[in-house]
Each structure stands twice: as C-alpha cells, then as structure tokens.
Amino acid sequence: RAGMVAIVGRPNVGKSTLLNQILGQKISITSKKPQTTRHRITGIYTEGDDQVVFVDTPGLHKEEKRAINRLMNRAASSSMTDIEMVIFLCDSDQWTADDDLVVEKLQRLPKRVRVIAAINKVDQFKDKAQLLPILEKLSARMAFDDVMPISAEKGDNVDALMKIVLDHL
Ligand code: GDP
Ligand code: MG
C-alpha cells in the first residue's frame, strides 16, 4: 500500500506532534524544506511494503491558513490525484471558529478523497464521556470516513490511526 496523506487542522491542535509520533516510530526521510516543490512533504512512513507520504502545514498562523488553502485547492483540482486522504485533526477540549473554517474546506473536497477525523489530546480527559460533545459536533458538521480519538503526545491510538490510514489506501 502507498499513498499521500495531508494532515490539516487549525494551529495548535497537534499536527506536528502527531507527525513526530508517527515518524518517530518508523522513519525513512524527513524534510523541513519550505514549499519549493508541489507539496510540503514532511515525512515518509515506511513499513514492509507500505509507504505513506505525509504532508503537513506550517505552524505560523497566517502562513498556516494559506497553506491549508493551497493544499485544499490542490486536492480539489482534477489534476491533483496524489492526495488520497486527509487527516483532520482537532483538539478534544476546544472547538473554535477556525475548526469550522477548515471543515468548510474539507466539505468541498471531491468524494474520492477520504477524510478521517482524529480527536487529539484525549490524555487530558479522565472520562470517555467527555468526548461526547466533540463527537456530536463532528457528526453534525460532516460525514467523516472514520473518527479516532488519539493522544499524539502520549502515542495513544496512533497505531490504530495508522491502521485506518493504511486500510483506506
Ligand atoms: P500544530 O500547531 O497543530 O502543529 O500543533 P503542535 O504539534 O505544535 O502542538 C501544539 C501544542 O499542543 C503543543 O504544546 C503540544 O505539546 C500540545 N499537544 C500536542 N499533542 C498533544 C496531546 O496529545 N496531548 C496534550 N495534552 N497536548 C498535546
Ligand atoms: Mg505544526
């Protein structure tokens, strides 16, 4: 299995932490080059015959918004067949207007692009019931192909998320 996956979300939801967690386990190549090529390729996960290229968006607020726009425009254009999947990352504790802006963009993606929601920072919750408000929010906003609560920092469920990613490729 092989594919290209974009990780999107508003600033501070934990995109970089998630990438480090995924790539920290199985790292092949990482690149911190600015957007000189078609995508900002942040890292390549390889295990056995599986290879997943992850595309991240930079951390600065204004730049990040532009980068998401660029990524979405590329993913939506018919010539862009290489992004197969998007991981939409949100914070389990805080839904903001910026999350809604990102979701609005995701809704415009062509159907062939799978969108998985990852609810991050669940380590800050003691009780699973605390997830209910955000789960309701997500299901009211759009039909995600999968929803997975994770802790990018602790690594909880990150392997389960990777399994979902690979299963969809
Ligand atoms: P990005 O802007 O989306 O790339 O977010 P970062 O990866 O830079 O993370 C933003 C902040 O959230 C940092 O202070 C991280 O340490 C924190 N963070 C990321 N993942 C988790 C997590 O799983 N749990 C908790 N408690 N904090 C996290
Ligand atoms: Mg970042």
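Which entries in the list Lys126/Lys154; Lys15/Lys154; Lys111/Lys154 go over 21 Å, if you measure between the two C-alpha atoms of each?
Values: Lys126/Lys154 14 Å; Lys15/Lys154 14 Å; Lys111/Lys154 32 Å.
Beyond 21 Å: Lys111/Lys154.
Residues of the stretch 111-169: accessible area per residue at 1.4 Å, in Å²? Walk me through the intermediate numbers first.
Numbers: 3340 Å² over 59 residues.
Accessible surface, normalised per residue, equals 57 Å².
Can you work out D for the stretch 99-169 in µm² s⁻¹ from Stokes-Einstein, where Rh is the Kirkwood radius over C-alpha pairs, the temperature is 20 °C and the viscosity is 1.002 mPa s? Walk me through the numbers before you get to the answer.
Working: Rh = 13.1 Å.
The Stokes-Einstein estimate is 163 µm²/s.
The values are calculated or read from the model by the stated rules, or taken from the named source; none is laboratory data. Keep in mind that what you see is a predicted model, and the values were worked out from it rather than measured. Surface areas here come from the heavy atoms of the whole protein model, side chains and all, with no ligands, DNA or RNA. Shrake-Rupley method; radii C 1.70, N 1.55, O 1.52, S 1.80 Å.
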